[in-house]
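**Student:** Here's a structure for you.
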Amino acid sequence: MKPRELFTTQQIADMLHVHRNTLARAVKAGNFPPPITVLGRPRWRGEDVDAYFERQTKLARGEARRGRNP
């Protein structure tokens, strides 16, 4: 089995250049994917984070609104 890339709350906050509390609010509001729990600690799967960035990139380019593919 291939190990999955997992990120901590601080790593995700650093990627987004936001405070951890801002990240928590974004998750609560449904604007960022929720973490999974690993040994009682929140962790984000790399593929979920990648998918979020891909969607945001398409939105920024207007592709998602128009239903276009790159």
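Please treat every number below as a calculation from the coordinates, not as lab data. Only a predicted model underlies this, so the values are computations on that prediction, with no experimental measurement involved. Cβ coordinates were reconstructed from backbone atoms using ideal geometry, including for glycine residues, and neighbour counts include every protein chain displayed.
**Student:** Mind checking which of T22, A60, Q11 is farthest towards the positive end of the chain's charge dipole, using Cβ charges of +1 (Lys, Arg) and -1 (Asp, Glu) about the Cα centre?
**Tutor:** A60
**Student:** Determine the gain in length on full extension of the stretch T8-A24; use 0.36 nm per residue of separation and subtract their C-alpha separation, reporting nm with one decimal. Please report the intermediate quantities before stating the final value.
**Tutor:** Values: separation 16, 0.36 × 16 = 5.76 nm, distance 1.23 nm.
Between T8 and A24, full extension yields an extra 4.5 nm.
**Student:** Then there's this: Taking every Cα atom in the chain, find the radius of gyration and the maximum pairwise distance Dmax, and write them in Å.
**Tutor:** Gyration radius and largest Cα-Cα distance of the chain: 13.6, 41 Å.
**Student:** Using only helices, what value at 222 nm comes out for the chain when you add -39,500 (n - 2.57) per DSSP H run of length 4 or more and divide by the total residues, to the nearest 500 deg cm²/dmol? Provide the component values of the computation, followed by the final result.
**Tutor:** On the way: 4 runs with 37 residues, N = 70.
Helices in the chain give a 222 nm mean residue ellipticity of -15000 deg cm²/dmol.
**Student:** Taking only C-alpha pairs under 8 Å that are 6+ residues apart, what is the relative contact order of the chain in percent? Walk me through the numbers before you get to the answer.
**Tutor:** Details: 50 pairs, mean separation 20.6, N = 70.
Normalised by residue count, the contact order of the chain is 29 percent.
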